[in-house]
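Working notes, beginning with the structure itself.
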Amino acid sequence: MGAKQSQDDPIAKENVALRLEIEQLQKALREASKIGNNNTASNTVVEDEKKKVVSSTTTPLTEKELEKRLLLEVESTKTGVDSAAFASKHAADPKHIVGIIKSLAASNMVIFSETDKSRLNLTEEALSFIEEGSPEARAFAFVKSKGGGGVPLPEFKKLEKAISEVGFKQAMQQKWLAMDKATNSVVLKVEEITDACQKYLTLIKEGKKEEVPAKELDVLIKKRKLAKVETWKEYSVSRGPEFALERKKLEHDLTKEMLASGAWKSAAFKEYTLVPGAGNIPASGHVHPLLKVRRAFREIFLQLGFSEMPTNNFVESGFWNFDTLIQPQQHPARDAHDTFFMKTPAKANFAPEDYVEKVKKMHEVGGHGSVGHNYAWKREEADKNILRTHTTAVSARMLHKLAEDGFKPCKLFSIDRVFRNEAVDRTHLAEFHQVEGVVCDKGLTLGDLIGVIRQFFAQLGMTQVRFKPAFNPYTEPSMEIFAFHPMLGKWVEVGNSGMFRPEMLLPMGLPEDVNVIAWGLSLERPTMIMFGIDNIRDLFGSKMQLQSVKNNQLCPLGLEK
Ligand code: FB9
């Protein structure tokens, strides 16, 4: 093994690269000369090679020239033009040719089929192993050259790393060499070895990688990283429906001259590149799915002639949230397990005194034929400020105002946040948006309630609705509402409803023959169903991904019409 050309000194490197290039050229010339001596055609091959050499030094062809030559070649060949051959023939970068092929195909001038290609490229190191033998073989050779007695380790370690470490490790693995602990020296374990690594690398270099056992090939590529797999695509190009040797000049605009001259009839217009993402989407506002459904619900109510109630007060007094609905003060819904009580301001600062008296009386002794709840009603309980548990509190305010202002039939709705101190789970947070519809008029019946609810849910695309008797402290009769959801293909609970009790309406001063029907549902449940959101935390709150606000689909509601 001559004086060591370490593989990392640049000269050696340069030599290897140059040797490769010369080898390739020699190979090309050899082929050319083989052809050369038995027919004229060979001259052209030699010519080509010469041209290649020449062209590689000449100015590269422009895109336009390459395109023209490609079209010419496509025209002249029946079997499709091979992109790689075309690229090397014109000393062009294959990737560049692919670009030209794709843009010609975009205007249907050519069509192409692609084939995946791969090749195994040997690394510099591998090429040096072919030259000088693998490090393990060289380690073996070195110890062998020192006679069978073994080489003291310190001396062995003086060898270049590739041999003393990589080589030694490999040779140990292959049980060619061993460490003799007693003498702390490297000894031979076998007499002869074959440098399989060098052999296999040589086979690869000669393009006979299929003769290398797959397992060995795998080690050389993945473990010893002596060869890299290069993959690329090659294209076979042939005439397209709009084939021509020249690109048709595509018109960008339809001008009045064209219209006047009629030239537009034969002109070829450039396709609009409506490619998604063409140009960056202007940063615009994105509507939260909940607000899309709220907007749709609002639309439905307004179309049904309802007007919206003012719900801009999350903090409500116990009086309006519970007492006006004649919900007794010891009712479980009124304790801290279900309701958030305000620390400050803890006490409400206003209530219409005359009306408070009537409500107190209804709670304590009843009236208008009702026995009331027969308990000592406490003003301080009613004055406690809470986060409203339902927008029905707002309905109570509006109905009281309606009586104050002089009754007239009306249809009201509210959509806003309500707060319940409940356990959070997949479908429940401590707050949600309640949707409520209220109709009040003389002589309204349960039938009217069922009717208006059917109308409402029909707008949501749910035409099959069923009612199940239920209980609410402030409505009698009350019904849970179920609807068949076409997309889910099943019945879902879609809300609750009822007729407000006279005990609630009469103390407000509403005429005896006025009935008030109402129903309620949430915004979150329909939104989760419509946007296919399984966990409410993905819809609302701190854990929600902003991205999902940016790319959520259109609200399906109201689209079907
Ligand atoms: O929203 C609910 N379900 C629903 C609604 C619409 C929908 O649309 C489909 C996609 C197209 C799908 C589902 N619910 C009401 C039913 C259930 O989800 C229920 O488990 C949860 N409810 C909430 C209360 O949870 C404690 C939803 C919320 C609800 C319930 C009742 C009322 C309001 C909201 C009410 C009332 C009422 C009653 C009488 C008088 C006035 C108001």
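Taking θ as phi - 60° and the Karplus parameters 6.51, -1.76 and 1.60, the scalar couplings of the stretch 405-410 work out to 7, x, 4, 8, x, 7 Hz in sequence order, x denoting glycine and proline. Axis of helix 196-205 versus longest Cα principal axis of the chain: the two differ by about 80°, to the nearest ten degrees. How many percent of the alpha carbon pairs in the stretch 64-123 exceed a separation of 17 Å? Distances greater than 17 Å cover 38 percent of the Cα pairs. Starting from the Cα of ALA458, step 7 Å along the direction of its Cβ; do the same at SER103; then give the gap between the two resulting points in nm. With each label point 7 Å from Cα toward Cβ, the separation is 5.9 nm. Across the stretch 371-398, the residues whose backbone nitrogen lies under 14 Å from the label position 7 Å along the beta-carbon direction of GLN330 are 373-378. Using the average count of surrounding beta-carbon atoms within 10 Å as a protection proxy, the listed peptides 335-342, 446-453 rank, highest first, as 446-453, 335-342. Solvent-accessible area per residue in the chain equals 56 Å², computed with a 1.4 angstrom probe and all protein chains kept. Of THR79, THR324, the order by accessible heavy-atom surface (1.4 Å probe, DNA, RNA and ligands excluded), from most exposed downward, is THR79, THR324. Taking 18 Å as the cut-off, the amide N atoms of the stretch 210-237 that come nearer than this to a point 7 Å along the Cα-to-beta-carbon line of THR123 belong to 216-231.
Between the stretch 466-540 and the stretch 290-320, what is the C-alpha centre distance in whole Å? Spelled out, the Cα-based centre of one part sits 14 Å from the other. Taking all protein chains together and a 1.4 Å probe, the residues GLU114, GLU431 rank GLU114, GLU431 from largest to smallest accessible area.
Couplings 3J(HN,Hα) for the stretch 314-328, derived from phi with the Karplus relation 6.51 cos²θ - 1.76 cosθ + 1.60 (θ = phi - 60°), are 5, 7, 10, 8, x, 4, 6, 6, 10, 4, 5, 8, 6, 8, x Hz, where x marks Gly and Pro. Each peptide in 173-182, 86-95, 492-501 receives the mean, over its residues, of other Cβ atoms within 10 Å, and ordering these scores from highest gives 492-501, 86-95, 173-182. Put a dot 7 Å past the Cα of LYS157, heading toward its Cβ, do the same for GLU242, and the two dots end up 7.3 nm apart.
Applied to the stretch 355-363, the Karplus parametrisation 6.51 cos²θ - 1.76 cosθ + 1.60 on θ = phi - 60° returns per-residue 3J(HN,Hα) values of 5, 4, 4, 5, 5, 4, 4, 4, 5 Hz, with x for Gly and Pro. Near the amide H of VAL81, within less than 5 Å, lie the amide hydrogens of VAL237, SER238, all on another chain or at least 5 residues away, with H placed in the peptide plane.
The per residue volume of the convex hull around the alpha-carbon atoms of the chain is 347 Å³. If the chain linking LYS215 and ALA470 were pulled fully straight, counting 0.36 nm for each residue of separation and taking away their Cα-Cα distance, it would gain 84.5 nm. Classify the stretch 186-334 as rounded, prolate or oblate from the Cα gyration tensor: take a ≥ b ≥ c as the square roots of its eigenvalues, call it rounded if a/c is under 1.5, otherwise prolate when a/b beats b/c and oblate if not. Oblate. Scanning residues 5 or more positions from LYS233 or on other chains, those with amide H under 5 Å from its amide H are LYS117, with H placed 1.01 Å from N in the peptide plane. Ordering THR475, THR115 by accessible surface, largest first, gives THR115, THR475; the 1.4 Å probe counts only protein heavy atoms, with every chain in place. The solvent-accessible area of GLU155, taken with every protein chain present and a 1.4 Å probe, is close to 60 Å². Just the protein heavy atoms count here, and of the accessible area of the chain at 1.4 Å, carbon and sulfur take up 58 percent. Put a dot 7 Å past each Cα toward the Cβ at MET172 and ASP441; how far apart are the dots in nm? Here the modelled spin labels are 9.6 nm apart.
The values are calculated or read from the model by the stated rules, or taken from the named source; none is laboratory data. Every value quoted in this text rests on a predicted model; they were computed, and no experiment measured them. Glycine gets a Cβ as well: all are built from the backbone with ideal geometry, and neighbour counts include every protein chain shown. Accessible surface areas use protein heavy atoms only, side chains included; no ligands, DNA or RNA. Shrake-Rupley method; radii C 1.70, N 1.55, O 1.52, S 1.80 Å.
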